[in-house]
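The values are calculated or read from the model by the stated rules, or taken from the named source; none is laboratory data. All values derive from a computational prediction rather than experimental measurement. Here the Cβ is made from the backbone with ideal geometry for all residues, glycine too, and neighbour counts use every protein chain on show.
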Amino acid sequence: MAETSRRNFLQRSSAATVGSFVAAQSTQASAVQPSERVRVGIIGAGGRALSLINSFSSNASVEVVAIADLDANRLPKGLAAAEKNQSRRPRAESDFRRLIDDNTLDVIVTGTPDHWHAIPTILACQAGKDVYVEKPDGHNIVEGMRMVAAMRKHKCIVQMGSQHRSTKRLQTAIEFVKSGKLGRCVVAKAWESSKQGAIGFPPDGMPPAGVDYEMWMGPAPKRPFNTNRFHGRWRWLYDYGTGDLGNDGVHRLDMAVALLNAACEAQGDKQVGLPSSVSAHGGKWYFDDAQQFPDTMQVTYEYGAGTHTKMLTYEMRVWTPYHYLGHSEGAAVFGDRGYIVMGNSNWAAYGRGGQILEQGEGDSHEGPHVQNFIDCVKSRQKPYCDLETVGHPASVLCHAGNIAARVGRTLQLDPQSETFIGDDDANALRTRSEYRKPWVLPEV
């Protein structure tokens with residue numbers, strides 16, 4: 001079916017599914033005719049990508065047609081998971097560009113390391129495909145801006161994988177905060193305090209057989225193979241990742257912003273967008289290893305000025321084996337009549353005397369987030385974590401916090417241009433100094 005006509009068909013067939021989620025087992029797949037299913041290609045077969053393979057292939061409205069991974073050792077497990085869920089084995093590819101070029105696909109799912117988020121997303125949008133991309137949106141601010149520009153220009157649906165946005169847990173908490181029972185809210189908080197391990201200083205070596213390491217490096221500088229530059233550990237290095245602020249912090253910051261904006265709605269204040277100033281303190285104070293990002297960090301974001309000023313703070317202590325405010329990682333909003341604390345499985349609101357005003361629960365599984373995305377692919381409505389209005393702003397918080405920590409000073413951010421006012425050093429970190437050919441960032 002031609003791309004445009006297929007999209008129109010999917011939109012017409014969606015009316016009964018929008019707004020609901022039912023956990024779909026493989027035995028339910030026959031309930032949806034093959035021609036009505038969203039045809040999906042997934043980039044990545046391990047880590048987060050494997051979880052996405054399971055979530056998409058077990059959805060009755062989806063057929064995972066192809067999976068691409070440059071590590072041949074990971075592909076079999078991903079292919080087998082999809083085949084088990086949908087009773088049909090996807091096509092295997094080593095180069096994601098074969099998925100971009102496949103005109104029969106409706107959607108590209110990107111479950112790659114951070115440095116491989118932007119280029120596939122932009123190319124997919126240029127090919128007229130909708131995209132589900134893992135968080136944060138890109139490796140840096142400019143990448144995220146380019147992704148948003150591609151999404152706008154080609155009128156694509158792009159959902160960032162901050163799955164908390166689609167959970168019952170966050171949705172019920174937002175509705176409670178909108179009730180105004182917390183009073184006037186000015187301060188929000190997000191944190192990470194779960195213990196993580198050191199990555200050591202392993203020597204350089206040879207990439208495993210079956211791995212296209214040249215492509216794995218992609219736009220990043222050419223470096224010798226090292227286990228710290230590969231599966232699971234790449235996120236702690238500047239070339240590939242965004243540290244724990246961009247790994248887990250993006251979830252917690254996005255939760256805090258969602259709750260703070262609910263409070264703004266309740267009290268008649270303007271919604272917070274991007275902050276006007278960002279400051280960060282901290283560093284490598286605990287782990288003696290090859291990690292380049294801080295393991296201890298405090299970031300402060302200030303929004304607006306005058307009577308409508310708001311503050312959001314983020315704390316990272318990835319070496320503590322205990323909870324903070326009852327949760328190893330979470331978000332909170334504080335008002336003059338009460339406050340709300342949210343973790344990964346529940347939330348509770350407390351009054352002046354510490355009494356519980358209301359509470360809720362729910363898991364963090366990505367199934368509802370995938371369903372919301374599929375519904376929006378069909379309806380052409382904005383998903384819960386729309387890249388432009390939700391995903392990219394949350395990602396900018398992470399990038400700006402990391403940049404403030406690296407330059408060691410308070411930064412003034414222009415929310416319109418997403419540049420730092422009068423700070424050449426900070427602006428230089430908004431993107432890579434060079435994209436290694438042929439993996440240059442596509443123009444939009």
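Here residue 318 clears all of (1) of a type in the set (Val, Ile, Thr); (2) over 20 Å from the mean Cα position of the chain (by Cα); (3) modelled with pLDDT under 95 except the condition numbered (2).
Going residue by residue through the stretch 335-355, is there one that turns out to be modelled with pLDDT of 95 or more, under 20 Å from residue 196 (Cβ atoms), buried (at least 23 other Cβ atoms within 10 Å of the Cβ) and not aromatic (Phe, Trp, Tyr)? Looking for residues that are modelled with pLDDT of 95 or more, under 20 Å from residue 196 (Cβ atoms), buried (at least 23 other Cβ atoms within 10 Å of the Cβ) and not aromatic (Phe, Trp, Tyr), one finds none in the stretch 335-355, hence no. Residues that are in a strand (DSSP E or B) and of a type in the set (D, E, K, R) were ranked within the stretch 356-368; the one that is surrounded by the most Cβ atoms within 10 Å (Cβ to Cβ) is 358.
Within the stretch 174-186, residues that are over 12 Å from residue 349 (Cβ atoms) have Cβ atoms under 6 Å from residues that are assigned to a loop (DSSP other than H, G, I, E, B) in these pairs: 184/336, counting only partners at least 6 apart in sequence or on another chain. Per the conditions (1) charged (D, E, K, R); (2) crowded, with 17+ Cβ neighbours inside 10 Å; (3) within 26 Å of residue 158 (Cα to Cα), the sole criterion not satisfied by residue 423 is (3). Among the residues of the stretch 362-377, none qualifies, meaning not one is aromatic (Phe, Trp, Tyr) and closer than 23 Å to residue 243 by Cα.
For the stretch 64-181, please list each of the helices (runs of 4 or more DSSP H) lying entirely inside it that holds at least 3 residues being within 22 Å of residue 220 (Cα to Cα) and not hydroxyl-bearing (Ser, Thr, Tyr).
On the way: elements: 75-86, 97-100, 118-126, 141-154, 168-178.
Passing ranges, in order: 97-100, 118-126, 141-154.
With respect to the conditions (1) farther than 20 Å from residue 274 by Cα; (2) assigned to a loop (DSSP other than H, G, I, E, B); (3) under 21 Å from the mean Cα position of the chain (by Cα), residue 382 falls short on a single one, namely (1). In the stretch 284-292, the condition of being of a type in the set (A, V, I, L, M), in contact with a Ser or Thr (Cβ under 7 Å, 6 or more places away or on another chain) and at pLDDT 95 or above is met by no residue.
All conditions but one from (1) surrounded by fewer than 19 Cβ atoms within 10 Å (Cβ to Cβ); (2) closer than 29 Å to residue 97 by Cβ; (3) touching a helix residue (DSSP H, G or I) at 6+ places or on another chain (Cβ under 7 Å) apply to residue 233; the one that does not is (1). Picking from residues in the stretch 280-298 that are within 11 Å of residue 198 (Cβ to Cβ) and in contact with a helix residue (DSSP H, G or I) (Cβ under 7 Å, 6 or more places away or on another chain), the one that is surrounded by the most Cβ atoms within 10 Å (Cβ to Cβ) is 291.
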